[in-house]
């Protein structure tokens, strides 16, 4: 069976899978997996839904006909990032870093640069 067929079979069995878990299960590199998934998505055989898992953006892969989930499962970090983008609060508001030094915080620096439109 080719890789495309394996992907469709996995989705038939599981219903959904994270992209990072898929390429690991197939024992192929992430680039090859991404290329195949983009083709399958273009052919409308699958959907790639952007999700945040443990503060990292990834894609959840689902069959094209799958129902959209009503509620998205989010980690605390993802919720704080959404609040930051919606309300405009600085990242310090929901920072989970206990030993953060604001003068050397990369997230805070990026936030300031975005606010200043650099």
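What follows draws every value from the coordinates through simple rules; no lab data is involved. Values in this document were obtained by computation on a predicted structure and should not be read as measured data. Cβ sites come from the backbone with ideal geometry, for glycine too, and all protein chains shown count toward neighbours.
Observations, loosely collected:
- Share of pairwise Cα-Cα distances greater than 13 Å in the stretch 3-63 is 57 percent (whole percent).
- As a calculated quantity, the FRET efficiency between residue 48 and residue 106 at R0 = 35 Å, using C-beta atoms, amounts to about 0.80.
- Cβ-Cβ FRET estimate between residue 117 and residue 58, R0 fixed at 22 Å, reported to 0.05: 0.15
- Net length available on complete extension from residue 26 to residue 66 is 12.2 nm, with 0.36 nm assigned per residue and the Cα-Cα distance removed.
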